[in-house]
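Chemist: One structure, pasted below without further comment.
No value in this document is a laboratory result; all are computed from the given coordinates. Model, not experiment: these values are computed from the prediction. Note that each Cβ is placed from the backbone with ideal geometry, even for glycine, and that neighbours are counted across all protein chains shown.
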Amino acid sequence: MAPPDTVLDELFDKNLAWANAKNEKDPTFFRRLAEQQAPRFLWVGCSDSRVPANDVVGLDPGELFVHRNIANVVHSSDMNLLAVLEFAVEVLRVRHVIVCGHYGCGGVKRAVENAEGRLGEGHTLVDHWLAPVVDLCIRHRAAIDRTAAPATPLDKLCELNVSLQMRRLAATPVLKTAWARGLDVTVHGWIYGIGDGLLRDLGTTLSSSEELAALPPLDDLLATPHEPMSAARLHAVAAFLEMELADMGAIAPFGSACTCGAWDNGPFGAEREEME
Ligand SMILES: [Zn+2]
């Protein structure tokens, strides 16, 4: 028998403290969870330890179904991902599938090094896994290099990788079949900033195979830059809009509501609905 490991003991102590805190706040929490899970969202994200899915969206156990792998890659032959996706869509009936990458992704960085021939003889299984991202780097590097500051080429690649992977997810038989049967499920593309803790919406959603077929080529996304929208920015724009409209006497003075009420009624109402 291995000697006791105090580092691992710490994990059990932290677990006990966490379970006690949950029980104190809500004595029926674990009993309810044991009976059933009813998550409303599926998260397909990177395995990076700095992007803990539940934490960054403030959701409790039971509220988020999760699949993570290095660089949030979608392989059409990945039985793990396909089974998770099928269960989420067909059994749990989640309506939102979130493909979430992150800036500074080590997997994307590794793919860039591979694409630039900087790995030498050091190829590993991870590089095999990252092949679609390497291909992405090679195909779109010229367009990425032309994108304007402040986004770095790596940031842009991390965003483009999300756009690619959400397309690949939408092309799986699981989603094609679900949409053909009329199920209401939407794929979203988000990116997380490990430097500021904020999620950003990349502005594309997919709710049908027709929408997937109508998407512009990835190079077009780079030619017409879309600034990813965090909640902080969304609220700031909403407040600004409300001030402008108040000046015009169109609505009640600023201060009446910046809980995004402006978005429901304002000029960006449709955009807000799309984001939700
Ligand atoms: Zn990553």
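Chemist: Counting DSSP beta bridges in the chain, what percent are antiparallel, to the nearest 5?
Modeler: 30
Chemist: Could you quote the convex hull projected area for the chain, Cα atoms only and averaged over all directions, in nm²?
Modeler: 20.4
Chemist: Place the peptides 100-107, 188-195 in order of packing, highest mean first, counting for every residue the other Cβ atoms within 10 Å and averaging per peptide.
Modeler: 100-107, 188-195
Chemist: State, to one decimal in nm², a quarter of the convex hull surface area for the C-alpha atoms of region 1-142, i.e. the direction-averaged projected area.
Modeler: The Cα convex hull of region 1-142, projected and averaged over all directions, gives 12.9 nm².
Chemist: Could I ask something else about it? Using +1 at the C-beta of Lys and Arg and -1 at the C-beta of Asp and Glu, which of Thr177, Leu16, Gly195 has the Cα lying farthest in the positive direction of the dipole of the chain?
Modeler: Working it through, the farthest residue towards the positive pole turns out to be Thr177.
Chemist: Which one, Met243, Leu42, Thr147, is farthest towards the positive end of the dipole of the chain when Lys and Arg carry +1 and Asp and Glu -1 on their Cβ?
Modeler: Selected residue: Leu42.
Chemist: Counting each DSSP H run of 4 or more residues in the chain as -39500 (n - 2.57), what helix-only mean residue ellipticity at 222 nm follows after dividing by all residues, to the nearest 500 deg cm²/dmol?
Modeler: For the chain, the value works out to -14000 deg cm²/dmol.
Chemist: Still on this model: Rank-order 83-92, 11-20 by packing density, defined as the average count of other C-beta atoms within 10 Å over each peptide's residues, highest first.
Modeler: Order by mean packing, descending: 83-92, 11-20.
Chemist: Dipole of the chain, Cα-centred, from +1 at each Lys and Arg C-beta and -1 at each Asp and Glu C-beta, to the nearest 20 debye?
Modeler: Magnitude of the dipole: close to 440 debye.
Chemist: Still on this model: Compare the peptides 196-209, 122-135 by average per-residue count of other Cβ atoms within 10 angstrom and give them in order, highest first.
Modeler: Taking the mean over residues of other Cβ atoms within 10 Å, the ranking is 196-209, 122-135.
Chemist: Placing unit charges on C-beta atoms (Lys and Arg positive, Asp and Glu negative, everything else neutral), compute the dipole magnitude of region 127-232 about its Cα centre in debye, rounded to 20.
Modeler: Taking the Cα centre of region 127-232 as origin, the dipole is about 240 debye.
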